[in-house]
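The values are calculated or read from the model by the stated rules, or taken from the named source; none is laboratory data. Bear in mind the structure is a predicted one, so any value in this text is a computation, not a measurement. FYI the Cβ positions are ideal-geometry reconstructions off the backbone, even for glycines, and counts take in every protein chain you see.
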């Protein structure tokens with residue numbers, strides 16, 4: 001490890017190459033913008049078209065994009081050719097509405113696996129050799145607070161996310177000697193297309209946010225992007241195998257509670 005000061009003024013990722021999956025919108029787009037604003041050449045991989053991302057170009061960053069489904073069985077050649085220093089495995093989804101495990105269709109489990117774990121294994125495995133050849137790098141996996149606590153109604157989803165967290169820890173120990181750091185970010189209560197709190201929370205319930213999260217909420221994709229920028233940069237050069245909880249404090253302060261009318265909520269109306 002270099003003895004150079006960990007913090008230095010200016011762009012944090014100047015000259016770095018990064019891959020961000022699921023970067024067309026939401027958290028992935030915020031991460032891509034943040035990386036590019038700090039000088040990185042970012043390649044976004046998404047099934048949806050990526051319109052031009054608005055970011056500060058003063059540091060010389062670039063954002064390119066390819067349309068590909070990383071959940072598929074093959075890694076797109078452009079991702080290999082990019083030879084990134086930083087890989088952000090952002091894609092993930094619970095895919096369906098909440099329902100008891102006993103009501104699951106087992107055929108859905110494979111789809112959940114590919115959306116939340118399988119593609120991470122494939123892409124990381126494919127990009128590790130080049131990262132090693134380049135002398136190291138940083139891998140950031142997006143998990144969820146539910147990798148660390150229960151989420152009734154999404155049992156299989158949370159199991160795969162917990163597996164992703166353990167993959168992060170074990171891989172970090174394995175590839176640390178190669179100069180590769182592996183960390184996770186576990187968001188909660190972040191406003192995204194998947195979880196649009198502006199639509200989910202009625203206006204009369206907005207004053208309850210301080211009861212749902214010590215920092216209130218909801219959080220924004222940029223809050224997660226800040227954590228990813230830290231983990232990707234030399235600011236985190238001695239950080240590996242860990243998880244940053246970007247959740248406004250929900251992991252430390254509470255979890256899911258049963259509704260009197262049935263089901264569960266992490267936003268009680270009568271706390």
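Listing for the model above:
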| item | result |
| --- | --- |
| Filter pass, residue 235 being loosely packed, with under 15 Cβ neighbours inside 10 Å, outside any loop (DSSP other than H, G, I, E, B) and at negative phi | yes |
| Meets criteria (within 24 Å of residue 137 (Cβ to Cβ) and either buried (at least 18 other Cβ atoms within 10 Å of the Cβ) or under 20 Å from the mean Cα position of the chain (by Cα) (or both)) for residue 74 | no |
| Residue tally, condition over 10 Å from residue 117 (Cβ atoms) and within 16 Å of the chain's Cα centre (by Cα), over the range 158-175 | 5 |
| Complete set of residues in the range 166-182 that are part of a helix (DSSP H, G or I) and crowded, with 18+ Cβ neighbours inside 10 Å | 167, 168, 171, 172, 175 |
| Matching residues in the range 18-34 - criterion: being closer than 19 Å to residue 124 by Cα and part of a helix (DSSP H, G or I) | 28, 31, 32 |
| From 210, 214, residue being in contact with a helix residue (DSSP H, G or I) (Cβ under 6 Å, 6 or more places away or on another chain), closer than 30 Å to residue 34 by Cα and either free of Cβ contacts under 8 Å to residues at least 60 places away in the same chain or in a loop (DSSP other than H, G, I, E, B) (or both) | 214 |
| Residue tally, condition touching a helix residue (DSSP H, G or I) at 6+ places or on another chain (Cβ under 6 Å) and under 23 Å from residue 19 (Cβ atoms), over the range 217-271 | 12 |
| Tally, over the range 39-54, of residues that are at pLDDT 95 or above, at negative phi and buried (at least 17 other Cβ atoms within 10 Å of the Cβ) | 7 |
